[in-house]
Amino acid sequence: MTITIALNTNTINSLDLSPVTTVIEKLLQDGAIASHEQELKFDINYELEPGDPRELAEIPELRLWFVRLDARYPWLPFLLNWKSGEFVRYAAMLVPHQFSAKEGIQYNLEALEIFLMHKLFVLTDWLKQQGIPSQFRIQSMAQLLGYELEDALFEMIVDG
């Protein structure tokens, strides 16, 4: 089941997280968060001036809204629908990048590594609290961004 959260210009410009908090808080109250893995999508309707060529991830107001969202729910990638590209779009909102006509999105590699390691630590702890195995999930998430994470890294985290 896909859960779609609609965002519009007013929601974004006012940094209003209520469309997301309403959904997530209900899932948390129902104890159903684990059963909604990779089901969340955003339907973003942000008004641009005619002729504005920017991609959504190039709009500062939209990026700021996602920074606020990530601060509130740093484990949100667990819920994002990876197959529909939601995790990659989420990363683009939070990690400096450029667009290339030939190669698509080009992340700042150092910033991407920091983002990925942050998500690894956050998600490992959060998934453990939820009683959900984490290593395969996090390795799969890293692969979406072009990284292979070694088993030894996870052993260090568990032992640390």
Reported set for region 59-80 where residues are closer than 28 Å to residue 121 by Cβ, assigned to a helix (DSSP H, G or I) and open to solvent by 20 Å² or more (accessible area, probe 1.4 Å) is 60, 63, 64, 67, 68, 70, 71, 72
Scan of region 131-145 for residues that are hydroxyl-bearing (Ser, Thr, Tyr) and either in a helix (DSSP H, G or I) or open to solvent by 70 Å² or more (accessible area, probe 1.4 Å) (or both), ordered by number: 140
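For residues in region 81-130 being part of a helix (DSSP H, G or I) and among the small types (Gly, Ala, Ser), which is surrounded by the most Cβ atoms within 10 Å (Cβ to Cβ)?
That would be 91.
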State the number of residues belonging to region 5-32 that are surrounded by 12 or more Cβ atoms within 10 Å (Cβ to Cβ) and outside any helix (DSSP H, G or I). 6
Is there any pair linking a residue in region 35-49 that is modelled with pLDDT under 95 to one that is in a strand (DSSP E or B) and open to solvent by 30 Å² or more (accessible area, probe 1.4 Å), with Cβ under 7 Å and at least six apart or on different chains, and which? none
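The values are calculated or read from the model by the stated rules, or taken from the named source; none is laboratory data. Remember, it's a predicted structure, so these values are computed and weren't measured experimentally. Cβ sites come from the backbone with ideal geometry, for glycine too, and all protein chains shown count toward neighbours. Side chains are part of the model used for accessible areas, which takes the heavy atoms of the whole protein and leaves out ligands, DNA and RNA. Shrake-Rupley method; radii C 1.70, N 1.55, O 1.52, S 1.80 Å.
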